[in-house]
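The values are calculated or read from the model by the stated rules, or taken from the named source; none is laboratory data. Computed from a prediction, not measured in an experiment: that's the story for all the values here. We place every Cβ from the backbone using ideal geometry, glycine too, and count neighbours over all the protein chains shown.
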Amino acid sequence: MSFGLVVTGFGDNLGDDIQSYAASRHLPRVDALIIRERISEAKVPSGTRAIMSGWFMHNTRYWPPHKDILPLYLSFHARPHRTRKFMEGLCDKVLGLGSVIGCVDASFKKHYDSNGPIGCRDEATARAFRSIGVDSFFSGCLTLTLPTRGLPRSDTVVFVDPFGPFPHNAFNPMLWFSLPRELRRTSERVTHLSVGRNIDKRLARVESTLGIYEQAGLVITSRLHVALPCIALKTPFIFISNDHRSYRLEGYEKLIQPVSIQRFMESARRGRSGLLPLVSHVEEGFVSKLQDDLRMRCLRFVGVS
């Protein structure tokens, strides 16, 4: 039996690698790396098992996965439908990205029906699948199953790309220097941007970054794949919302309570004490249920009863 790990070929967002790392921990071994952006051209032994977790995908000309891949659709996320009137020329004719409505397309229904049900990272993706008649469910994200390493907890506040929504302004100097000087001076800054193309180095960076999150006293971020690992690592966090991407949070209401940038800035001016009411309340029972189901499905998939 062969096992493949789906990874991105871009390396511009550590969140993608954190999701791949989480998937790798549910495989007995990794026999092959499967590049997400060329997944229909993957050269792997027939029947290679791979977990389809994470975000799919820029280029649907390379979708669905190659016939030699046996997929487990779990923690799967796809972008919401785009309006063909405005996007067809840009996505298809100019950028060559194929279908403007992405991977959730009736043209792929036969593939999904053969490999379902589809475990979705968020309710929005599950709803999109149901709209084309594909059996789907909210699974949560595999990053919720990341293990702790027993690292000592500090009182350090860690800012991780707090002022999104877009990469080019994930660090906003004007907002940063509006924070109290003492808070800036005693905190640490981390970014998920520009991680490079070498997958071994990227996965090593995942481990070191997760260590930072596990030891932090508080993490402040606008990135979903900082917040979800923090839940797994039992690290308090504040999630600053990006309203235009709120669909990614559907299903996580019991785990993440987003705050606006305006509310965060107003509270931060009072120092650390002002931030405490903004920390997300995590329902541990709900987390445990998701974790148990994710682990069980992965064990069954890799042939461990």
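Test of understanding: among Leu275, Leu290, which residue is part of a helix (DSSP H, G or I) and farther than 23 Å from Gln19 by Cβ?
Leu275
Can you find even one residue in segment 11-26 that is of a type outside the set (Gly, Ala, Ser), assigned to a strand (DSSP E or B), over 25 Å from Asp293 (Cα atoms) and out of contact with any Pro (no Cβ under 8 Å at 6 or more places or on another chain)?
No.
Can you tell me which residues in segment 37-87 are buried (at least 16 other Cβ atoms within 10 Å of the Cβ), of a type in the set (Lys, Arg) and at pLDDT 95 or above?
Arg49 - this is the single residue of segment 37-87 that is buried (at least 16 other Cβ atoms within 10 Å of the Cβ), of a type in the set (Lys, Arg) and at pLDDT 95 or above.
On the basis of being out of contact with any strand residue (DSSP E or B) (no Cβ under 6 Å at 6 or more places or on another chain), modelled with pLDDT of 95 or more and farther than 16 Å from Ile240 by Cβ, does Asp200 make the cut?
Against the criterion (out of contact with any strand residue (DSSP E or B) (no Cβ under 6 Å at 6 or more places or on another chain), modelled with pLDDT of 95 or more and farther than 16 Å from Ile240 by Cβ), Asp200 does not qualify.
Pick from segment 266-285 the residues that are closer than 22 Å to Ala232 by Cβ and exposed (fewer than 15 other Cβ atoms within 10 Å of the Cβ): which of them is modelled with the lowest pLDDT?
The residue in question is Leu276.
Name the single residue, out of those in segment 108-152 being under 16 Å from the mean Cα position of the chain (by Cα) and small (Gly, Ala, Ser), that is farthest from Asp292 (Cα to Cα).
By that ranking, first place goes to Ala124.
Scan segment 157-164 and tell me whether some residue there is surrounded by fewer than 15 Cβ atoms within 10 Å (Cβ to Cβ) and among the acidic types (Asp, Glu).
Within segment 157-164 (the criterion being surrounded by fewer than 15 Cβ atoms within 10 Å (Cβ to Cβ) and among the acidic types (Asp, Glu)), the answer is no, since none of the residues qualifies.
Within segment 232-266, which residues are over 19 Å from Leu144 (Cβ atoms) and not in a helix (DSSP H, G or I)?
Hits for segment 232-266 are Ile240, Ser241, Asn242, Val259, Ser260.
Sort out which residues of segment 197-231 are under 18 Å from the mean Cα position of the chain (by Cα) and not in a helix (DSSP H, G or I), and write them in order of number.
Selection gives Val219, Ile220, Thr221, Ser222, Arg223.
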